[in-house]
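Right, one structure below, let's go through it.
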Amino acid sequence: MKKVLFVCSGNTCRSPMAEGYLNFRLKKDGSDKEWTAISGGLHTMSGLPAHPQSKECAEADHIDLSAHRSQPITENLVNDSSLIFTMTSEHKRELLEHFPEAQLKVYSFKELPSIKRDIPDPIGLGTDVYHHVYEDIKKGVDEIHEMIIKRESPTQRE
């Protein structure tokens, strides 16, 4: 099975929302037999739950993040992933610093034509910020989903 890895800092806010939403889209169209989404954090420990406001945002789309537990980015996660999307350009830089061999499969949300900017960290900010971040993530994930279905690479969409 091919994997899309979403990467943020703590793996409790942004990347779990992206993972949950892509898996929702894949299941909805039957592509979940070939693809799955996973997530991890560059600055996290294992076992933290998704942030309550991230869970609330996802629940609006009937996506349940209650079973999510954070995990740090590892060599195995990177190697096992077909595509990797980071929430910010800085995350991409840091990931490639540790795993330069992944260069051809790592993209930031900023590189998606529908987004063209980093996805900011909503931690510690209000519910409105979480909802805006989730809407941006959904827009980017919709584009990623379309690429997967059409078997395009992110560079073909520029």
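None of the figures in this text is laboratory data; all of them are computed from the coordinates on show. It should be emphasised that the depicted structure is a prediction, and the values quoted were computed from it without experimental measurement. Cβ sites come from the backbone with ideal geometry, for glycine too, and all protein chains shown count toward neighbours.
Taking amide H as placed 1.01 Å from N in the peptide plane, the amide H of A37 sits under 5 Å from that of V4, N23, each at least 5 places away or on another chain.
I want the local charge near R69. Using Cβ-Cβ distances under 15 Å, sum +1 for each Lys or Arg and -1 for each Asp or Glu among the other residues. Present the calculation step by step, with values, prior to reporting the outcome.
Numbers: positive: K55; negative: E19, D64.
Around R69, the surrounding residues sum to -1.
The stretch between D29 and K3, if pulled fully straight at 0.36 nm per residue, gains 7.7 nm over its current Cα-Cα span.
Quick one: compute the contact order of the chain, relative version, from alpha carbon pairs under 8 angstrom and 6+ residues apart, as a percent.
Details: 297 pairs, mean separation 40.1, N = 158.
Relative contact order for the chain comes out at 25 percent.
In loop segments of the range 1-103 as defined by DSSP, the GluC sites (Glu not before Pro) with at most 12 further C-beta atoms inside 10 Å of their C-beta are E34. Across the range 116-128, computed HN-Hα scalar couplings (Karplus, 6.51 cos²θ - 1.76 cosθ + 1.60, θ = phi - 60°) run 6, 7, 5, 8, x, 7, x, 3, x, 9, x, 4, 4 Hz from first to last residue, x flagging Gly and Pro. Which of the listed residues, L48, N79, I115, is farthest toward the dipole's positive end in the chain, when Lys, Arg count +1 and Asp, Glu count -1 at the beta-carbon? Among L48, N79, I115, the one farthest towards the positive end of the dipole of the chain is N79. Between E59 and E90, the FRET efficiency estimated from the beta carbon spacing at R0 = 30 angstrom works out to 0.55.
Working note: Karplus 6.51/-1.76/1.60 with θ = phi - 60° gives the range 43-54 the couplings 9, 9, 10, 6, x, 7, x, 4, 4, x, 6, 5 Hz, where Gly and Pro are set to x.
In a simple Cβ point-charge model (Lys, Arg +1; Asp, Glu -1; nothing else charged), the range 1-141 has a dipole of about 280 debye relative to its Cα centre.
With a threshold of 22 Å on the Cα-Cα distance, the over-threshold entries among K28/K150; K2/K116; K28/K110; K55/K138 are K2/K116; K28/K110.
In the chain, helical runs assigned H by DSSP with n ≥ 4 each contribute -39500 (n - 2.57); averaged across all residues and rounded to the nearest 500, the mean residue ellipticity at 222 nm is -12500 deg cm²/dmol.
Considering all alpha-carbon pairs of the chain, what whole percent are spaced by more than 28 angstrom?
Values: 1263 of 12403 pairs.
That tail contains 10 percent of the Cα-Cα pairs.
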